[in-house]
Amino acid sequence: MKSNAKKLADIIRQSERMVIFTGAGVSTESGISDFRSKGGVFEQIRNRYGLSPEEMLSIDFFHADTKLFYKIYRATFLGSNPKPNAAHRAFADLERRGIARAVVTQNIDDLHQRAGSKKVLELHGNMFRNICSSCGKGFGLEYVADPSMPVPKCDDCGGVVRPDVVLYGESLDPDVMSESARVISEADTLIVAGTSLRVYPAAGFINYFEGRSLVLINRDATPFDSSASFVVRDNVGGIMEEAMKLL
């Protein structure tokens, strides 16, 4: 790890407009199951309910059986209280130092913000935000986590409250997409961490990068490895923590 950490630290030291792009592999180090790996969220849902996770976590299923949707959603996503890990803290520190300009994330867990990152572009939304489908009133996570309401309803208008996340069958927010493409296209360094880069349209944002150093940190191979300046097969938190010590 030491040689990789030194090379990563050298790349960071030369960066002035870094952007960080993160996926589930960053949050797994905080104890959050990822979606697609063995034992991950998708496998858990399939084994328990016998239906594809893509169906059960879709906007169509939300409307068709909102009560079951929330039963699955609460059991899968709301059962723990994870904390930011070394990777989240390192990325926030890079922003404080004026090196990183933004984090673009596929994650919905709020851990980047809790670690101190200020400019976080959430491609898939944030489970800590919830909105009334009728009037748009906002609610916190504790409101939809309350088991006494099988289907959370707005306390103003009675409309169904939904998580402010992108479900299957929904499009990404165009403003978030536009800003993500902009910051990546203007970056001199792009660190891609904890993502297989196989899920689109999110993975396609890597194509906007035209800078000097593309760094991929992931335990498994990605389709973009051959285009990278530096590939690290390691835990994101460990390599980032070691690199930060060398700055």
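Counting only DSSP beta bridges with both residues in the chain, what percent are antiparallel, rounded to the nearest 5? Can you show the working numbers first?
Numbers: 8 of 30 bridges.
Approximately 25 percent, going by the DSSP bridge assignments.
A dipole drawn for segment 167-245 from +1 and -1 charges on Cβ atoms has a positive end, and of Ala203, Ser180, Ser227 the residue lying farthest that way is Ser227. Taking every alpha-carbon pair under 8 Å whose residues sit at least 6 apart, segment 31-120 reaches a relative contact order of 19 percent.
Which is farthest toward the positive dipole end of the chain among Ala5, Phe77, Ala87, measuring Cα position about the Cα centre, with Cβ charges +1 (Lys, Arg) and -1 (Asp, Glu)? Going by the Cα projections, it comes out as Ala5. Eigen-decomposition of the gyration tensor built on the alpha-carbon atoms of the chain gives equivalent ellipsoid semi-axes of 33, 18, 17 angstrom, largest listed first.
Within the straight-line cut-off of under 24 Å between alpha carbons, the lysines reachable from Lys153 are Lys67, Lys71, Lys137, sequence neighbours fewer than 8 places apart in one chain being disregarded.
Taking all protein chains together and rolling a 1.4 Å probe, His63 ends up with roughly 120 Å² accessible. In segment 89-247, taking the dipole from charged Cβ atoms about the Cα centre, the farthest positive-side position among Asn218, Gly159, Asn126 is held by Asn218. Annotation: amide H-H contacts under 5 Å for Val232 (H modelled 1.01 Å from N, sequence separation of 5 or more, or interchain): Leu216, Ile217, Asn218.
Sorting Tyr73, Tyr208, Tyr200 by solvent-accessible area of protein heavy atoms yields Tyr200, Tyr208, Tyr73, largest first, with a 1.4 Å probe. Under a model in which nothing but the beta-carbon of Lys, Arg (+1) and Asp, Glu (-1) is charged, the chain shows a dipole of about 660 debye around its Cα centre. Using a probe of 1.4 angstrom and keeping all protein chains present, the accessible surface of the chain works out to 47 square angstrom per residue. Amide H to amide H distances under 5 Å link Asp164 with Asn126, Arg129, Asn130, Ile131, where only residues 5 or more positions off or on other chains count and H is placed in the peptide plane.
For Lys7, the lysines whose Cα falls under 18 Å of its own Cα, not counting residues fewer than eight places away in the same chain, are Lys245.
Each peptide in 216-224, 102-110, 132-140, 40-48 gets a packing score, the mean of other Cβ atoms within 10 Å over its residues, and the list from highest to lowest is 102-110, 216-224, 40-48, 132-140.
Hey, what does the equivalent ellipsoid look like for segment 203-242, semi-axes from the Cα gyration tensor as sqrt of 5 times each eigenvalue, largest first, whole Å? Mind showing how you got there, number by number?
Values: eigenvalues 72, 27, 16 Å².
Rounded to whole Å, the semi-axes are 19, 12, 9.
Placing dummy labels 7 Å off each Cα toward the beta-carbon, the span from Asp175 to Leu51 is 3.3 nm.
The values are calculated or read from the model by the stated rules, or taken from the named source; none is laboratory data. Given the structure is predicted, the values throughout are model-derived calculations rather than measurements. Every residue, glycine as well, gets a Cβ built from its backbone with ideal geometry; the counts of neighbours run over all protein chains shown. Accessible surface is based on the protein model in full, side chains and every heavy atom, while ligands, DNA and RNA are left aside. Shrake-Rupley method; radii C 1.70, N 1.55, O 1.52, S 1.80 Å.
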